[in-house]
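Scroll down for the structure; my scribbles are underneath it.
The values are calculated or read from the model by the stated rules, or taken from the named source; none is laboratory data. In this text, all values refer to a predicted model and were calculated from it rather than measured experimentally. All Cβ positions, glycine included, derive from the backbone under ideal geometry; neighbour counts span all protein chains shown.
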Amino acid sequence: MRELLASRIGNAFIVGIAVAMTVACGRSPTSPSLASGPRTLTVVSGWDQAPVAGATVELAGTTVTTSATGQFTLPEAARNHVPVDVDATGFLPHRTRLSAIPRNDVIQLWPAANDSDAAAIREMLFYENTQAGVHSLWRPRWSAYYLALLVDGNPRAPSEIAAEWEREYREIEALTNLPLSLTFAPKSGSDDFDEQVIVALDRIDESCHDQWGFCPFDELDLPYYSRPYRLGASRPDVIRRVLAFGLLKANPLPGLLNKSNPAPELSLLERQTLRMAFLRPTDTIWPDTDPSR
C-alpha cells in the first residue's frame, strides 16, 4: 500500500484521515435477569427518539402492538433468551433478543420510509458476506476521525484550513459521536499510508480531478484507504462530501453523496444512515438483526 501511494503522490503534502481501529462497537449494556412483575418496554425511532405507535412485537409466542406512546408490556412467559421481532411501517424490521435490549428498556428502530430508502441504505453502507446468505454491517472501528493536515507550501495558514474542515465536520460529529482530531505534520518516506483517506491540498498531477469529491482508487475496494483530491481553493461542499464519503458509499437517491447530481448538504436519509450505522454494532445482520439473535 505504501509503495502504491508513494508512486502516486511523490513528495507532495497531503491531508490524511487516519483510521484508529480501537473503538468499541457501541452496544449498550444488556438488561439484567427478568424481574418479577410486569415490565414495560418502549419502541422509538433511533433518529429522533419519537415513540413508534402501532408497531407489531412478537415474542414468547405472543404478538402485541405498541400503544400511542410506543409502549408494550412483556408477557409473563418472556425470559431473557427469547427472540424479539419488531415490525413497524417506516422502519427496517428489527430482530433482537430480550437480553440485548438496553437497561432503559428502549428499542430503537432504523428509519426507512419505503423500499427505495431501504435499498439506498444498504448501498451506502458496507455489508460483509460472513457466511452463506448472511451479510453483516461493516464500518471502521474508529475512536475518532483523525485528520492530519499536511499543508506545507499551501498559501493559506494552517489555522484557516483547519477551521474549514472542523466547520464542515460538525454535523457528522453530531451524528456519529466521532470527535475530529486535527494534527499538522509533513509527509515523509516513513509515513504509513495504510487505512487512510488521502486529500491533496497542493498541486499533484495524478490526484483526482473530480470537482465533487468522489475519488476512490480503482485498485482498492474500500473507501477509507486512499482518495487523493485537488483542493486548490476553499470548497465547503467538497470538503463536506470528502468527509462524509469516508464513512458512506455513494447514495443512489438525492443527497450530498449522489454522484450524478450531488446536493450541497446531507439529505435526511444520509443523516439517518450515519446515525444508525454508528448506533448499531458492526456485526448487525442486514437489514437490522442484532448479532446476539
Given (1) assigned to a strand (DSSP E or B); (2) loosely packed, with under 13 Cβ neighbours inside 10 Å, index of the condition A68 fails: (1)
Residue in the stretch 238-261 that is at pLDDT 80 or above, surrounded by fewer than 17 Cβ atoms within 10 Å (Cβ to Cβ) and assigned to a helix (DSSP H, G or I) present: no
Failed criterion for A113 (all others in (1) within 25 Å of the chain's Cα centre (by Cα); (2) under 30 Å from P38 (Cα atoms); (3) among the small types (G, A, S) hold): (2)
So L175, is it at pLDDT 75 or above, among the hydrophobic types (A, V, I, L, M, F, W, C), surrounded by 15 or more Cβ atoms within 10 Å (Cβ to Cβ) and assigned to a loop (DSSP other than H, G, I, E, B): no
